[in-house]
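Since every read-out is calculated from the coordinates, none of them should be taken as a lab result. All figures in this text were calculated on a predicted structure; none of them were measured in a lab. Neighbour counts are summed over all protein chains in view; Cβ atoms, including those assigned to glycine, are modelled from backbone coordinates with ideal geometry.
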Amino acid sequence: MIKILLTGSNGFLGQHIAKLANANKHIHLTGWSGNRSIHDYCDDFQQVNLLSVDILAQMVEKFDVVIHTAALSQVDYCEAHRDEAFRVNLEVSRQLAEACRHSGTRLIHISSDFVFPGKDTLVTENDKTDPVNYYGRTKEMAELHVQNICRQSTIIRPVLIFGPTLAGTRSNLVLWVKKSLAAKQNINVTTDHFRTATYVTDLAAMTLQVAQIPNRGIYHACGADYLSVYEMALKIAEAFHLDQNLITPVHSSSFTAQAPRPACTNFSAEKASRDFGFKSRSFEEALSEMRLNKQ
């Protein structure tokens, strides 16, 4: 039996990790969230506001692994509320790393592709980070703290996570496009931003695999396809039999976002596949599964 503590257990990724863990009799999962639990996938649950407590070794020492998914990920909000983003994304991660180091607990830290500047080249785990917005900067700094403080840590970098929501979590690209087109709404979608988008089910499965295999270091978790956001929108419309004519291709400069976004994220999952058996599913395969499950 492996004992896992999951921060952000009410979040989009957290819920998918908890659901998969719930089906594994060899995992005992404790969830932490700032709000009361909104699902019953965790074996135990504690309402913990990570900003109002000092995270100490005694709080994590009974666990074999901490999976840290809790984060402030709304990019424009982070740009406008830098102190809060710093405390949530960096300071909480630093405290967890310190607690895990002192207790000997392994730490799995969920980072982001936004630590990179977004050049149109294949990016490996060893490439230099250089974020273009403050959210990416907080995730970059958190990575550095985790690596420097907690030797028994693994960092996972996903890309544009998408998939079904389970309970009370915010939407994602696929669900936004699907809902908009189903309502016969016209949408503008950028043609010059490219991603190897990560299916949340695959990411959750990889995270639990990492929890059971003590390989340290940084790993990229991404989909098999490198597509523009516009190309993704067309595939979503096709998969769910919706009207592609409602989708208007536009340049990213036509959007008024407070924070810049990296133009490209072209990850390879080769290292994660080799070390953890990660399945890098194609975008169409993921959409097909969502359609079959009526998601």
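Counting neighbouring Cβ atoms within 10 Å and putting the fewest first, the residues K271, K139, K179 line up as K179, K271, K139.
The H on the amide N of I155, modeled in the peptide plane, is under 5 Å from the matching H of H109, G217, I218, Y219, each at least 5 residues off or on a different chain.
Considering only the stretch 134-231, what is the antiparallel percent among its DSSP beta bridges, to the nearest 5? Could you put the intermediate results ahead of the total?
Working: 2 of 8 bridges.
Percentage antiparallel, nearest 5: 25.
For the stretch 249-266, the Karplus equation 6.51 cos²θ - 1.76 cosθ + 1.60, evaluated at θ = phi - 60°, returns couplings of x, 9, 7, 4, 5, 7, 8, 9, 9, 6, 10, x, 10, x, 5, 9, 9, 10 Hz by residue, with Gly and Pro reported as x. Seen from A272, the other residues with C-beta closer than 11 Å to its C-beta sum to a net charge of 0, counting Lys and Arg as +1 and Asp and Glu as -1. Find how many whole Å separate the alpha carbon centroid of the stretch 230-263 from the alpha carbon centroid of the stretch 77-119. Answer, in whole Å: 29. If the segment from F255 to W176 were pulled out straight at 0.36 nm per residue, it would be longer than the present Cα-Cα gap by 26.8 nm. Relative to the Cα centre, the charge distribution of the chain, modelled as +1 at Lys and Arg Cβ and -1 at Asp and Glu Cβ, gives a dipole magnitude of about 380 debye. Kirkwood analysis of the Cα pair distances in the stretch 143-269 returns a hydrodynamic radius of 16.4 Å.
Among the GluC sites (Glu not before Pro) found in the stretch 3-87, those both in a DSSP coil and sparsely packed, with 16 or fewer other Cβ atoms within 10 Å of their Cβ, are E61. Equivalent-ellipsoid semi-axes for the chain (Cα gyration tensor, √(5λ), whole Å, largest first): 31, 21, 18.
Counting only DSSP beta bridges with both residues in the chain, the antiparallel share comes to about 5 percent. Near the amide H of V66, within less than 5 Å, lie the amide hydrogens of L5, R106, L107, I108, all on another chain or at least 5 residues away, with H placed in the peptide plane.
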